[in-house]
Amino acid sequence: MPVFFYNTMSRCREEFVPIEGSKVGIYTCGPTVYNFATIGNFRAYIFEDLLRRTLKYFGYNIVQVMNLTDVDDKTIRDSRAAGMGLMAYTEKYKKAFFEDIAALRIEKAEFYPEATAHIPEMIEIIKTLLEKGYAYQADDGSVYFSVAKFADYGKLSKIDMENQMPGARVKNDEYAKDSVADFALWKAWNEADGDVFWESPWGKGRPGWHIECSAMSMKYLGKTFDIHTGGIDNMFPHHEDEIAQSEAANGCRFVNYWLHCEHLIVDGQKMSKSLGNFFTLRDLFEKGFTNREIRWALLGTHYRKKLNFGLGFLENARTALQKFDAFFIRLGNLVSADVPGDDADQLVASVSEAFRNGLADDLNVSEAIAAIYHLESEAGRLFETGKLSSKGATAVFDAFRDFNRVFDVFHVELAAQSVPPEVLKLAEERQRARKLKDFKKADEIRDALNNMGWQIEDTAKGPRPIRIG
Ligand code: AMP
Ligand code: ZN
């Protein structure tokens, strides 16, 4: 099945064709480990997880690289403020990051390279850029990339290069579009860096942020690879500068498909540490939300739309997932029985097709989720009217297991377990007691079942034990 993505480079929806067979190389800009990641960051990582799982679902083999930025302006600034060495300081946040992605069931990438372990690779690229005339050393010893030398500069962010000041330089890692300038590849050491420096042909110093991703992507994915992702804020200057460095050094195209997710916003503004308007995952756990509720809330909005976040979002996710839980519990008992009726084959086939079509269309989760809801309501209707067969219920469960390969939020396994024989026996005894109008005994059995975690629900097919909660 062809898969389509919106490529930020062309601003068009394009059919995805990997460079080599079914193998897909993906580079995702990872966390800057100077603090706990925010829910905004997790929106980006969940989008990347959706991308990865969707491609796997369609049969592709993924090699995903997510870097850890463990040296840059922010990590140095905050480790110094905390009076700690850079490595000791970032260690804590690296550990927290891996705990957080595991909690959100974000599948692990194949590689998590750390910037501090790839300084020699960065130095090699900078040397090539100097040799080819794309870079120059300034008076303070820092090395800059000359944007005027790279004719394609601005092709991703569509920046207007006409009115730029030639020769202006920017040493900060982050800057705005209207201050486009020669950016730092290597930053000569100064007092503010403390004991953070590496030796280089240009004296002691440290790399700029952008060169980190050029070096690490090239090492693990080659000079040209399939997909590069990040939040929309990464497009300029970070990705624009990565393109300039990589293409100038290697003389070939850097990336075939650029995918950017829109921001998670609060009251109209990007959620970010610098604005102070953020929740970490830990904050939300403290408020009583669960990992799958947070995962569902972050998955539910198409990645190219802004996600206007509030706690109501999580409450809606809770309600939605509880509704599915109840559905699985009701249906679960049919699976272990041998009830005749409708096999639901056509329903399951058409819903699965709609699910796949949605995902293949630039990760259109709205369509995929609508298909899932349709299955829940239609299968639920068949069940309520006593028409759904055990085979049909099994097919519905299989469909949800299939959806879980991508969404991973449905408690299918738990609910599909069969009813234990002692529960069935008690349920039958209760039924007998009721027929004999021994309501006292019937109530006692009901209480005993409740204590065991079961309740009896009256369905069109007669009373059935249903697992509570
Ligand atoms: P950082 O740790 O700031 O380098 O960001 C890591 C990733 O999270 C990058 O891909 C950013 O673009 C992304 N990101 C940061 N804030 C948000 C947000 N509010 N919404 C979506 N993505 C974000
Ligand atoms: Zn990056």
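The values are calculated or read from the model by the stated rules, or taken from the named source; none is laboratory data. None of the values given here were measured: they were computed from a predicted structure. A quick note on method: Cβ atoms are made from the backbone with ideal geometry, for glycine too, and the neighbour counts reach across all protein chains shown. The accessibility values were calculated without ligands, DNA or RNA, using every heavy atom of the protein model including side chains. Shrake-Rupley method; radii C 1.70, N 1.55, O 1.52, S 1.80 Å.
Under the condition of being within 17 Å of the chain's Cα centre (by Cα) and surrounded by 19 or more Cβ atoms within 10 Å (Cβ to Cβ), the residues counted in region 285-301 number 9. One residue stands out in region 78-87 among those that are free of Cβ contacts under 8 Å to residues at least 60 places away in the same chain and open to solvent by 60 Å² or more (accessible area, probe 1.4 Å): the one that is farthest from ligand 1 (Cβ to nearest atom), namely 83. Six or more apart or on different chains, Cβ under 7 Å: which pairs go from a residue in region 308-327 that's closer than 28 Å to residue 262 by Cα to one that's small (Gly, Ala, Ser) and assigned to a helix (DSSP H, G or I)? Could you list them? The qualifying pairs are 313/297; 314/297; 317/297. Out of 54, 90, which single residue is polar (S, T, N, Q), closer than 30 Å to residue 301 by Cα and part of a helix (DSSP H, G or I)? Going through 54, 90 in turn, just one is polar (S, T, N, Q), closer than 30 Å to residue 301 by Cα and part of a helix (DSSP H, G or I): 54.
The combined condition, being in a helix (DSSP H, G or I), in contact (Cβ under 8 Å) with a residue 24 or more places away in the chain and of a type in the set (Asp, Glu), is fulfilled by residue 48.
The numbered conditions (1) at pLDDT below 95; (2) in contact with a Phe, Trp or Tyr (Cβ under 6 Å, 6 or more places away or on another chain); (3) open to solvent by 50 Å² or more (accessible area, probe 1.4 Å) are all true for residue 173 except (3).
For residue 346, the conditions (1) free of Cβ contacts under 8 Å to residues at least 12 places away in the same chain; (2) in contact with a strand residue (DSSP E or B) (Cβ under 8 Å, 6 or more places away or on another chain) all hold with the exception of (2).
Filtered by the rule that a residue be open to solvent by less than 30 Å² (accessible area, probe 1.4 Å), at pLDDT 90 or above, more than 11 Å from residue 331 (Cα to Cα) and assigned to a loop (DSSP other than H, G, I, E, B), region 387-428 gives 406, 407, 409, 410. Within region 21-34, residues that are open to solvent by 20 Å² or more (accessible area, probe 1.4 Å) have Cβ atoms under 9 Å from residues that are within 9 Å of ligand 2 (Cβ to nearest atom) in these pairs: 32/69; 32/209; 34/69, counting only partners at least 6 apart in sequence or on another chain.
State all residues of region 65-77 that are open to solvent by 10 Å² or more (accessible area, probe 1.4 Å) and either closer than 19 Å to residue 29 by Cβ or within 13 Å of ligand 2 (Cβ to nearest atom) (or both); if no residue qualifies, say none.
66, 73, 74
Region 190-306 holds strands (runs of 3 or more DSSP E) entirely within its bounds, and those carrying 3 or more residues that are over 20 Å from residue 112 (Cα atoms) and within 12 Å of ligand 1 (Cβ to nearest atom) map to 264-266.
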